[in-house]
């Protein structure tokens, strides 16, 4: 009987071990599989959050750009009003109309300041070198009194809006006479 107990104890232990390993092996595989699935879902979540954040930023940037384009269109439409004020101020230099000039000057200044606050800049052209990106030459004057390519006169002011040319300055440019 002692032998039997030892045999059955000895015989039972090895059968338990393989059965235990078989039971834990599928469980370990399932845990590994679930861990991999969890990791995959976490990576998907991180990617989706990043995609959403990029989308949110893009929409915000597009909304900002659309607002800027709207302001640009409005400013583009108001530039001729500035030109009209400038012409009115040049045309009425009579001392009898000094009060009128003061009023028009004040209104023009207020309009200019409002437009400048939104990003409008005047292109400084007088006395500068001709730059085809910001100037439009409508006349060339042969002279040796000025540097070749110098802007001699500004016929119409040019304007930039946030670094983009809305309207080039219309200018007269000095050129050195060609030697034949």
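Mind checking the angle between helix 2-91 and the chain's longest principal axis? C-alpha axes, 0 to 90 degrees, to the nearest 10. The angle comes out near 10 degrees. Judged by the gyration tensor of its Cα atoms, with axes a ≥ b ≥ c, region 122-180 is prolate; a/c meets the 1.5 cut and a/b is the larger of a/b and b/c. A Gaussian network model of the chain, with springs between Cα atoms under 10 Å, assigns the largest mean-square fluctuation among 34, 45, 166 to 34.
Between residue 110 and residue 94, residue separation times 0.36 nm minus the direct Cα-Cα distance comes to 3.5 nm. Of all beta bridges that DSSP places with both ends in the chain, some 65 percent have antiparallel geometry. Relative to the longest principal axis of the Cα atoms of the chain, the long axis of helix 98-117 lies at roughly 20 degrees. DSSP finds beta bridges in region 122-180, and of those with both partners inside it, around 60 percent are antiparallel. Using C-alpha pairs under 8 Å with a sequence gap of at least 6, the mean separation divided by the residue count of the chain gives a relative contact order of 15 percent. In the elastic network of the chain, a GNM with C-alpha springs shorter than 10 Å, the most mobile of 62, 121, 29 is 29. When Rg/Rh (Cα atoms, Kirkwood Rh) is calculated for this entry, the matching label among [x] 1.68; [y] 1.06; [z] 0.95 is [x]. Name the most mobile residue of 39, 148, 51, meaning the one with the largest mean-square fluctuation, in a Gaussian network model of the chain with Cα contacts below 10 Å. Taking springs between Cα atoms under 10 Å, the residue moving most is 39.
Every read-out reported here was derived from the displayed coordinates using simple, explicitly stated rules and does not represent laboratory data. Quantities reported herein were computed from a predicted structural model and do not represent experimental measurements.
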